[in-house]
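The values are calculated or read from the model by the stated rules, or taken from the named source; none is laboratory data. Since we're looking at a predicted model, the values are computed, not measured. Neighbour counts run over all protein chains shown; Cβ positions are idealised from the backbone, glycine included.
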């Protein structure tokens, strides 16, 4: 905590870059995870393969995946960004599939009976009903991404991981504690905020 109190500006700047990295990665991940989740909800045969494959990828250790990605794109912002996008797929797609799959079929049939197109049924009925469950997936993905993003300090000097890995290199426990505490605070804050949004969406 001594480093955190002595260098609040540096910690705040790294925390801001940490949040930016996670938010952008989740936004990009959602572009892929949403259609995958919808497809999984629509097709019972494909669902185990799609979610199973994403689940298997999620079990790959973070450092192992980063080592592979670094071989392709080098050090910097890109490898940790790619890793976050890949890891978020499983939680986001699973949330979409569970949410869409849990929508009452009678509501969907009623919407189609009113002449709604498939796109209208998806966005105006299914997504609206599935939103709380989908947000649950976003919450879990956000908390996990905040933790994984600390590895950005190891491969490219990004986020709060900079403090942790610099502290390990320089044998400065105060830096390690500062980075760990700040990342934990971000994770708890993200979880709390998204729980509020999740509950509001369920009303």
| request: Looking at (1) under 17 Å from the mean Cα position of the chain (by Cα); (2) touching a residue at least 12 places away in the same chain (Cβ under 8 Å); (3) within 17 Å of residue 4 (Cα to Cα); (4) in a helix (DSSP H, G or I), find the lone condition where residue 174 falls short. | output: (1)
| request: State whether the residues of the range 107-122 include one that is under 16 Å from the mean Cα position of the chain (by Cα) and farther than 14 Å from residue 190 by Cβ. | output: no
| query | Considering the range 10-40 alone, what residues qualify as being surrounded by 21 or more Cβ atoms within 10 Å (Cβ to Cβ) and more than 23 Å from residue 80 (Cα to Cα)? | reply | 37, 40
| said: Could you check the range 91-140 and list, in sequence order, the residues that are in contact with a helix residue (DSSP H, G or I) (Cβ under 6 Å, 6 or more places away or on another chain) and not in a helix (DSSP H, G or I)? | reply: 103
| task | List the number of the failed condition for residue 159; all other conditions in (1) under 26 Å from residue 64 (Cβ atoms); (2) touching a residue at least 60 places away in the same chain (Cβ under 8 Å); (3) assigned to a helix (DSSP H, G or I) hold. | result | (3)
| remark: Result of the Cβ filter at 6 Å on the range 177-193, keeping first residues that are over 18 Å from residue 158 (Cβ atoms) and partners that are modelled with pLDDT of 95 or more and in a helix (DSSP H, G or I), at least 6 apart or interchain, is 191/143
